[in-house]
Amino acid sequence: MTLPNGTPSQIRSIDNLYGPDGKLEAVLNTGRDDAPYSALVCHPYPPAGGTMHNKVVYNAMKVFSSLGLPVLRFNFRGTGLSEGVFDNGHGEQNDVRAALSWLEHNLKRPILFAGFSFGSHVGLRACCGDVRVKGLIGLGLPVHADGRDYTYGFLPKCIEPKLFLSGDHDPFGSRAAVEAVLEQAPAPKQMVWVEGADHFFQGVPGSPAPKLDVMRREMDMWLRSEFGLS
């Protein structure tokens with residue numbers, strides 16, 4: 001990928017990101033030297049195969065990278081080459097905090113966050129109210145999935161600008177359930193329903209084409225409008 005200033009974005013393996021349970025596998029897509037923010041993107045439910053290479057996570061990274069921002073992705077504990085054991089979203093919050101600290105120490109910029117599914121729930125819990133994080137994006141916000149309930153009692157402290165994007169055929173977060181959750185979140189906030197999209201922003205029988213391009217476009221417009229990125 002080529003950055004807005006014409007230089008190529010490079011992918012670097014990160015060897016010094018450590019959470020409470022050990023080393024976390026991570027990659028950084030480099031950005032412009034004058035980038036005003038760095039970005040963190042978190043992946044979906046590990047027991048179901050979620051990793052930092054998930055297609056939605058990758059596409060979210062591409063949006064940040066296209067705007068010249070350096071973007072960190074990592075695998076939660078027990079996923080891929082990351083040390084530790086899956087902790088049902090509890091210890092994973094500390095993994096997110098470790099990633100925020102890595103970005104703060106190494107890139108020294110305010111941070112924008114995006115997470116998909118499990119990654120949005122865990123990441124929002126860790127990032128809401130953290131002064132280092134200036135904007136939040138929840139993709140495919142889950143409310144109930146495979147016998148697991150996701151609660152959002154922490155949302156009232158999320159005073160940062162927030163964008164939520166979900167497919168209107170998402171079985172893990174119906175329109176009614178997600179909108180009820182988001183009533184707790186203070187402004188500024190925006191909710192976008194992607195028509196004809198499932199949880200993974202893929203198409204549905206009546207509209208089979210993938211909708212990841214819509215997801216990317218909505219993210220891009222919001223980031224440009226809310227943060228003046230170009």
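Points to keep in mind about this one:
- Using a 4.7 Å Cβ-Cβ cutoff, the cysteines of the chain lacking any partner cysteine are Cys42, Cys127.
- Of the DSSP H helices in the chain, not one has a Cα length along its own long axis of 27 Å or more together with a mean Kyte-Doolittle hydropathy reaching -1.0.
- Eligible lysines near Lys162 by straight Cα distance, threshold 27 Å, same-chain separation 8 or greater: Lys55, Lys62, Lys108, Lys134, Lys189, Lys211
- Chain lengthening between Met1 and Glu104 when straightened (0.36 nm per residue, less Cα-Cα): 34.7 nm
- Using C-alpha pairs under 8 Å with a sequence gap of at least 6, the mean separation divided by the residue count of the chain gives a relative contact order of 16 percent.
- Within the same chain, aspartates and glutamates fewer than 8 places from Lys157 are excluded, and of the rest, those with a Cα less than 15 Å from its Cα are Asp130, Glu183.
- Estimated at the nearest 10 Å², the accessible area of His53 is 120 Å² with a 1.4 Å probe.
- Seen from all directions on average, segment 1-83 presents a Cα convex hull projection of 5.4 nm².
- At 0.692 mPa s and 37 °C, Stokes D of segment 67-150 from Kirkwood alpha-carbon radius, µm² per second: 243 µm²/s
- By definition, a body whose alpha carbon gyration tensor gives a ≥ b ≥ c is oblate when a/c is 1.5 or more and a/b is not larger than b/c, and segment 170-230 fits this oblate description.
The values are calculated or read from the model by the stated rules, or taken from the named source; none is laboratory data. Just so you know, these numbers come straight off a predicted model, no measurement behind them. Because the Cβ atoms are built from the backbone with ideal geometry, glycine has one as well, and the counts that use them run over all protein chains shown. Remember, those area values only see protein heavy atoms, side chains included, never the ligands or the DNA or RNA. Shrake-Rupley method; radii C 1.70, N 1.55, O 1.52, S 1.80 Å.
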